[in-house]
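Structure first, then comments.
The values are calculated or read from the model by the stated rules, or taken from the named source; none is laboratory data. Keep in mind the model is a prediction, meaning the values are calculated, not measured. In this analysis, Cβ positions are derived from the backbone assuming ideal geometry, glycine residues included, and neighbour counts consider all displayed protein chains.
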Amino acid sequence: MTKNHQKICNDKDFLKLVYAYHKVKPNHDPQKIIKSWYNEIFLPSSIFVPELGCLEAVVKYLRENLNLKLKDIAAKLQKSEANVRISYSKASKKHLKKFRTINVVDKHRKVTGAIVFVPLNIFVSKLSMLEALVKFLKDDKELKYNEIGKLLGRNQRTIWTVYNRAIKKLNSERKNPHKKNPMRGKKLK
């Protein structure tokens, strides 16, 4: 077992999330579960805070919480390393603290923020990061617009707009798979 596996297996907050995601009891062997997760990266929805863009939140989480190198993050997201470096720099200035990976529980023991796990691979598409996230939450997790809005800290009308923009992009891609964007590569005056 690698040092990263060992470190993750000792992170009690992370293990609570893993057990909740897999709907298993804490008496299961965390090493087996972590090994199955090792190649697949899941992001808790709690990282998507209003003051950060989606790319900034993802990069900051992967860098600070999972200790990935910026070069590796760029490869996983299929973005340029410069873009990832700039996003991390901006995110670090906007959101100074490391992300907490557990639900926030108030003094009355009520959960104030539910966590949904988002696979990292959804962000590798023709859609923007926010469009991919909203489409995943709407289609795969079957959340309503207002639930997605609360989860991401955005207005439900914004979520509706983003979702419909994503659907239009995907539909136009299916109709014209070889058609290129006429504005791509042209300089604006």
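Just so you know, in region 47-75 the residues that are of a type in the set (G, A, S) and in a helix (DSSP H, G or I) include one that is farthest from S89 (Cα to Cα), and it is A75.
When S89 is tested against (1) modelled with pLDDT under 85; (2) polar (S, T, N, Q); (3) farther than 26 Å from Y163 by Cα, only condition (1) is not met. Across region 97-139, the qualifying residues are those that are modelled with pLDDT of 55 or more and charged (D, E, K, R), and the one among them that is surrounded by the fewest Cβ atoms within 10 Å (Cβ to Cβ) is K97. Among the residues of region 63-94, those that are touching an Asp or Glu at 6+ places or on another chain (Cβ under 9 Å) and in contact (Cβ under 8 Å) with a residue 24 or more places away in the chain comprise S87, Y88, K90, A91, S92, K94.
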